[in-house]
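Have a look at the structure below before the remarks.
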Amino acid sequence: MTFANTTQSYGSVAKVFHWATALLILLIIPLGLIAHQLPYETDAQLTRKATLFSLHKTLGVLVFFVALLRILWAMTQEKPGELHPDRTVESFLADLVHWLLYGALVAAPLSGWMHHAATTGFAPIWWPFGQSLPFIAKDPELAHTLGGLHWIWTKIMGAAILLHVAGALKHQFIDQDSTLARMWFGTIQSPLVAQHTPRLSAPFVALAIFVFSGAAIGTFGSAKADNIQAAALDSVSSNWTVTDGTLGITIKQFGSDVNGSFADWTAEITFDPNTQSGDVTVQIAIGSLTLGSVTADAMGPTYFDVERFPTATFAGPITHIDGDSYQSDGTLTLKGASVTVPLSFTLTETTGLWTMSGTTNLDRRDFGIGDDSGEANLGFNVAVTVDLVAEQS
């Protein structure tokens, strides 16, 4: 057996690439399916689920690099000739399935890796080169699209694998030829065949399938999209109007920061610049939270329980401390619990616009959020940042 391919059989390098890829695929597909179905109500369950997802992602990156090396090697090698060149339709379908497999072995893990890089939270990749990729921003919409591409391209991979296995079994048990033996190790007896003639139509058809499936995901969205409805908030009336602002949170999950923000919230502000005092009431639609890849999980009963507690409220006085420093020792009502929270912030005025920037820290356990999750899995501290611009009505 030679390292390189011949007209009659595949070489040892191609065989190692083929069976190593098959073994990796047989590992990562069940890992992903099992991890997706596992519950995560308790600390131990969350650890198990995250471990399987991390293993799935880590092996997926390995599949990507193995596939690239395999394709580069194949480009330098001749392909064994066809055993049944007269079966034109069957030969075309075999070529098409091979191109679909090659494409899926690159596109599926790469889209999954890019999806991971575009979001934050949950199940880190264990390779030592970090969790981000160049030119891939941390963006929920981009992550949503990439997640959809990964979903559809893994389905193409699964279909191509089933067709590939079905074809191999047909050759082995119906045709009883040496197709499967040519990809196995050892010396084989194979009939002399002519050199393989590539069909240019097969790769173009495969490319069209990937392009059209990707366009469908871009048009209709991911088949796994979340359907979380944020509560509609009542309009507020006060002598200050918020013209711009963000309300963000940061938690640590498995030791890494996960950043999120609420898209829908209102602020009822009463503030007198002369006395430098007033009060504020903020209402937050919990369902408007975006929290990396764990957004849907955060809405569940173990965490925010958005169905029972769709909103949160912070209300407190505005007290001047010194210079542009202020504080509001308000009451935060979240998930049925009311806790006094000190919010420190700065307040500055520029040409009629007042800019407020503040931070505070919460202990999620005070609100019964993730009670079964230990600090190693989900940090107890939650950092809250508030930035807004307002003008006096």
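With respect to I152, determine if the residue is assigned to a helix (DSSP H, G or I), among the β-branched types (V, I, T), crowded, with 18+ Cβ neighbours inside 10 Å and modelled with pLDDT under 95.
On the way: assigned to a helix (DSSP H, G or I): yes; among the β-branched types (V, I, T): yes; crowded, with 18+ Cβ neighbours inside 10 Å: yes; modelled with pLDDT under 95: yes.
It is true that I152 is assigned to a helix (DSSP H, G or I), among the β-branched types (V, I, T), crowded, with 18+ Cβ neighbours inside 10 Å and modelled with pLDDT under 95.
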So S338 fits all but one of (1) within 16 Å of D366 (Cα to Cα); (2) of a type in the set (S, T, N, Q); (3) within 27 Å of the chain's Cα centre (by Cα); what number is the exception? (3)
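Name the residues in region 126-149 that are part of a helix (DSSP H, G or I) and among the aliphatic types (A, V, I, L, M), would you?
Of the residues in region 126-149, the ones part of a helix (DSSP H, G or I) are 140-149.
L142, A143, L146, L149, listed by residue number.
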Only one residue in V339, V280, V294, V306 is β-branched (V, I, T), buried (at least 18 other Cβ atoms within 10 Å of the Cβ) and assigned to a strand (DSSP E or B), so which one is that? V280
Go through (1) within 19 Å of D95 (Cβ to Cβ); (2) in contact with a helix residue (DSSP H, G or I) (Cβ under 9 Å, 6 or more places away or on another chain); (3) loosely packed, with under 14 Cβ neighbours inside 10 Å and name the single condition Q195 misses. (2)
Considering only residues that are of a type in the set (D, E) and closer than 22 Å to A123 by Cα, look in region 334-389 and name the one that is modelled with the lowest pLDDT. D372
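Residues are listed down the side, and each one gets a yes or a no for (1) touching a residue at least 60 places away in the same chain (Cβ under 8 Å); (2) of a type in the set (A, V, I, L, M, F, W, C); (3) assigned to a helix (DSSP H, G or I); (4) outside the structural domain of N259 (by TED's automatic domain parsing):
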residue	(1), (2), (3), (4)
I71	no, yes, yes, yes
G103	yes, no, yes, yes
H116	yes, no, yes, yes
P124	yes, no, no, yes
T179	yes, no, no, yes
Could you identify the single residue in A22, A4 that is modelled with pLDDT of 95 or more, of a type in the set (A, V, I, L, M) and within 23 Å of G186 (Cβ to Cβ)? A22
Suppose we filter region 251-274 for residues that are within 30 Å of A50 (Cβ to Cβ), of a type in the set (D, E) and without any contact (Cβ under 8 Å) to a residue 40 or more places away in the chain; how many remain? 1
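Just to check your reading of the model, which residue among T302, T290 is under 13 Å from A230 (Cα atoms) and of a type in the set (V, I, T)? Explain how you work it out, then say what you get.
Details: T302 fails: under 13 Å from A230 (Cα atoms).
Answer to the check: T290.
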Hey, any hits in region 323-332 for a residue that's part of a loop (DSSP other than H, G, I, E, B) and either in contact with an Asp or Glu (Cβ under 8 Å, 6 or more places away or on another chain) or surrounded by 16 or more Cβ atoms within 10 Å (Cβ to Cβ) (or both)? no
Go through F53, F3, F65, F92 for me and flag whichever is of a type in the set (F, W, Y), part of a helix (DSSP H, G or I) and either outside the structural domain of G186 (by TED's automatic domain parsing) or buried (at least 17 other Cβ atoms within 10 Å of the Cβ) (or both). F53
Members of region 356-390 found to be under 19 Å from D264 (Cα atoms) and either more than 25 Å from the chain's Cα centre (by Cα) or of a type in the set (G, A, S) (or both), listed by number: M356, S357, G358, T359, A383, V386, D387, L388, V389, A390
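Which residues, taken from region 228-267, are farther than 28 Å from N381 by Cβ and either among the acidic types (D, E) or within 27 Å of the chain's Cα centre (by Cα) (or both)? Spell out how you get there, then give the answer.
Residues of region 228-267 farther than 28 Å from N381 by Cβ: 229, 232, 234-241, 243.
Q229, D234 - these are the residues of region 228-267 that are farther than 28 Å from N381 by Cβ and either among the acidic types (D, E) or within 27 Å of the chain's Cα centre (by Cα) (or both).
Would you be able to tell me the number of residues in region 57-109 that are under 27 Å from S293 (Cα atoms) and more than 31 Å from the chain's Cα centre (by Cα)? Steps first, please.
First, pick out the residues of region 57-109 that are under 27 Å from S293 (Cα atoms): 57-67, 103-109.
Adding the requirement that they be more than 31 Å from the chain's Cα centre (by Cα) leaves none.
Total satisfying the criteria: 0.
The values are calculated or read from the model by the stated rules, or taken from the named source; none is laboratory data. What you see is a predicted model; the values in this text were computed from it and never measured. Methodologically, a virtual Cβ is constructed for each residue, glycine included, from the backbone with ideal geometry; neighbour enumeration extends over all protein chains shown.
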